[in-house]
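Peer 1: This is the structure, below, for whatever I ask next.
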Amino acid sequence: MATNTDILDGGTLEERIAEMKEFLGLSPDQSFQDLDVDISDMEDDDED
């Protein structure tokens, strides 16, 4: 089965950051800290 995926490959740091923001649905003026990620249900495997 063929899949269509976009891969970040090369480019300047600024180009790679812009591609990741677009991939994650952020506008160019937003930072990665603006992502709404709920980590309250995530397990911490280091607590063993």
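The values are calculated or read from the model by the stated rules, or taken from the named source; none is laboratory data. This is a predicted model, so every value here is computed, not measured. We work out accessible area using only protein heavy atoms, side chains counted, and drop any ligands, DNA or RNA first. Shrake-Rupley method; radii C 1.70, N 1.55, O 1.52, S 1.80 Å.
Peer 1: What list of ³J(HN,Hα) values in whole Hz, one per residue of segment 21-35 in order, does the Karplus curve 6.51 cos²θ - 1.76 cosθ + 1.60 (θ = phi - 60°) give from phi, with Gly and Pro shown as x?
Peer 2: So the Karplus estimates, Gly and Pro as x, are 4, 4, 4, 8, x, 8, 7, x, 8, 8, 9, 5, 5, 7, 5 Hz.
Peer 1: Here is a further query. Would you kindly find the accessible area of Phe32, with a 1.4 Å probe and non-protein molecules such as ligands, DNA and RNA excluded, rounding to the nearest 10 Å²?
Peer 2: Estimated to the nearest 10 Å², Phe32 gives 90 Å².
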